[in-house]
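The values are calculated or read from the model by the stated rules, or taken from the named source; none is laboratory data. Predicted, not measured: the structure shown is a model, and the values here were computed from it. Ideal geometry is used to build each Cβ from the backbone, glycine not excepted, and the neighbour counts take in all protein chains shown.
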């Protein structure tokens, strides 16, 4: 670890927080309907869709509208992928995507997971990339933010019967937040050297006289929304490690900024919607604290190096550079890994399969903590609020008082629903992983034996159920079993989680909002920040530490003893 490395990390994180403050003010105005500079286009969209933007609905209506939008997106994307061989903008002449892979990919992109069991430059036409994957990058991100708006409104006032209008929120988020930001960041990426073209692939002759195909495509703007929407995935197979996706350390820093700025801003948006900015800053403090701690842990593990490499005489000052870009170094690799796995963004700029066991465990554990640190756009905020309810419940048990949060009493119904939501992740991850590491038709996809092989499979299902989409590597994922079960894990991770959350929002919204009293537990200070962080850690530890002990922890001690598998 170096002073320059820490300075890079500090500079990027400072830029994220500095931008999140004004962005939060703007997004809060969008949520309230006060941003109208595209009003004629907005009204035209409502008219075309038969939408009454002024008509609010309860949690059931809001949730059903969200499910309908996502079902339509899945069917359209699945059809486009299957038929891409018959459609235009396919200069590579790719055939239609096979059925199970198309299912997996369509589910992946509507759930904001963006898991990829394919290489983009070898499987997807330009039309599939633009009209299919890039469009869903906008729509899945807007879905998460819209749901976060609805949950925020539930805490803002008492005796509410309506949480807003999903279609109106959905349109406004795309028009006023995601599209403008993607345009600005996309143009910046073009200026940094990322391709944005419909030209066919280029054939080149290498210095050795061999032939090489250089893939191109409309990449820059898709890369912009993949980060801003915490989608992840990559236009090219090796993701942000590709020289066209990550042409420089500056481009990599901007990508980190892009996939963190909206989730952090939404924490502050919550404070603005409920009328107490301190509540938003408390949530942001927990999120930022975990990001800093995770980055430091990865950086330290990778800087310490691989014991087997050091024993073989590799210079210890370099750290573990296997699988990492020398253009970025250990600091940006560590920050990128921590922020993408903490933010439910599947982008990678280094191969996690080559990290040290403890360095690779940290991104895995971040996802297993519920993808709330800071989580995906929208999903991170409403996931964090589930943990907030559990934290105030624990506080109420300790002092013998009915728990409440922002004047709303938290009772048995909300806690039962919160636990139902929280248990979706471990049940899905551990259930599918346990079958896949013993069933021959699934275990044959694992590249490595021993604890590392377990980590590969555990990471895949954690990434899918957490709607993260990053890959540990070393796993042959394009098989019928993995395409099907990872797709089911993505669906459960997104929708089996969000339906109980929306039920909580409906229950909370209907409650009266009580005035604070002398016995009210303050939820904006350091004590509550520590309690909330502790609840997140304890729940994640209880659920996943046994599995981690069999995977990366066991591998760490094996390497220290000089054992290989």
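Against the numbered list (1) within 28 Å of residue 439 (Cβ to Cβ); (2) at pLDDT 95 or above; (3) surrounded by fewer than 19 Cβ atoms within 10 Å (Cβ to Cβ), residue 545 comes up short only at (2).
Scanning the stretch 177-195 for residues that are over 21 Å from residue 139 (Cα atoms), surrounded by 12 or more Cβ atoms within 10 Å (Cβ to Cβ) and either without any contact (Cβ under 8 Å) to a residue 24 or more places away in the chain or touching a strand residue (DSSP E or B) at 6+ places or on another chain (Cβ under 6 Å) (or both) yields one hit, 190.
If you go through the stretch 134-188 one residue at a time, how many are out of contact with any helix residue (DSSP H, G or I) (no Cβ under 7 Å at 6 or more places or on another chain) and under 14 Å from residue 33 (Cα atoms)? So the answer is 2.
When we screen 348, 377 for residues that are modelled with pLDDT of 95 or more and part of a loop (DSSP other than H, G, I, E, B), the only hit is 377.
Just for the stretch 509-542: of the residues that are part of a helix (DSSP H, G or I) and either within 19 Å of residue 451 (Cβ to Cβ) or over 26 Å from the mean Cα position of the chain (by Cα) (or both), which one is modelled with the lowest pLDDT? By that ranking, first place goes to 541.
Restricting the stretch 91-108 to residues that are assigned to a loop (DSSP other than H, G, I, E, B) and closer than 14 Å to residue 133 by Cβ, which is farthest from the chain's Cα centre (by Cα)?
By that ranking, first place goes to 94.
Scanning the stretch 397-439 for residues that are assigned to a loop (DSSP other than H, G, I, E, B) and in contact with a helix residue (DSSP H, G or I) (Cβ under 9 Å, 6 or more places away or on another chain) yields 401, 402, 403, 406, 407, 410, 411, 423, 437, 439. In the stretch 196-218 there is at least one residue that is buried (at least 22 other Cβ atoms within 10 Å of the Cβ) and either in a loop (DSSP other than H, G, I, E, B) or in contact with a strand residue (DSSP E or B) (Cβ under 9 Å, 6 or more places away or on another chain) (or both). Residue 45 - would you say it is under 30 Å from residue 317 (Cα atoms), in contact with a helix residue (DSSP H, G or I) (Cβ under 7 Å, 6 or more places away or on another chain) and either modelled with pLDDT of 95 or more or in a helix (DSSP H, G or I) (or both)? No.
Based on this model, can you work out whether residue 247 counts as in contact (Cβ under 8 Å) with a residue 12 or more places away in the chain and outside any helix (DSSP H, G or I)? When the stated conditions are applied, residue 247 passes them.
Scanning the stretch 308-319 for any residue that is within 18 Å of the chain's Cα centre (by Cα) and farther than 30 Å from residue 522 by Cβ turns up nothing. Restricted to the stretch 290-318, and to residues there that are surrounded by 16 or more Cβ atoms within 10 Å (Cβ to Cβ) and without any contact (Cβ under 8 Å) to a residue 40 or more places away in the chain, the residue that is farthest from residue 558 (Cα to Cα) is 296.
Each row is one residue, and each column tells you yes or no for (1) more than 23 Å from the chain's Cα centre (by Cα); (2) modelled with pLDDT under 95; (3) surrounded by 21 or more Cβ atoms within 10 Å (Cβ to Cβ).
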site: 427; (1), (2), (3): no, no, no
site: 438; (1), (2), (3): yes, yes, no
site: 450; (1), (2), (3): yes, yes, no
site: 469; (1), (2), (3): no, yes, yes
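Within the span defined as the stretch 496-504, every residue fails to be over 15 Å from residue 386 (Cβ atoms), crowded, with 17+ Cβ neighbours inside 10 Å and either out of contact with any helix residue (DSSP H, G or I) (no Cβ under 9 Å at 6 or more places or on another chain) or touching a residue at least 40 places away in the same chain (Cβ under 8 Å) (or both).
Determine whether the stretch 394-414 contains at least one residue that is crowded, with 19+ Cβ neighbours inside 10 Å, over 22 Å from the mean Cα position of the chain (by Cα) and over 20 Å from residue 519 (Cβ atoms). No, because not a single residue in the stretch 394-414 is crowded, with 19+ Cβ neighbours inside 10 Å, over 22 Å from the mean Cα position of the chain (by Cα) and over 20 Å from residue 519 (Cβ atoms).
Within the stretch 111-163, the set of residues being in a loop (DSSP other than H, G, I, E, B), more than 19 Å from the chain's Cα centre (by Cα) and surrounded by 24 or more Cβ atoms within 10 Å (Cβ to Cβ) comprises 124, 125, 163.
Exactly one residue among 53, 19 is surrounded by 15 or more Cβ atoms within 10 Å (Cβ to Cβ), in contact (Cβ under 8 Å) with a residue 24 or more places away in the chain and assigned to a helix (DSSP H, G or I), and that residue is 19.
Given the options 490, 457, name the one that is buried (at least 22 other Cβ atoms within 10 Å of the Cβ), modelled with pLDDT of 95 or more and in contact with a strand residue (DSSP E or B) (Cβ under 8 Å, 6 or more places away or on another chain).
Matching residue, one of 490, 457: 457.
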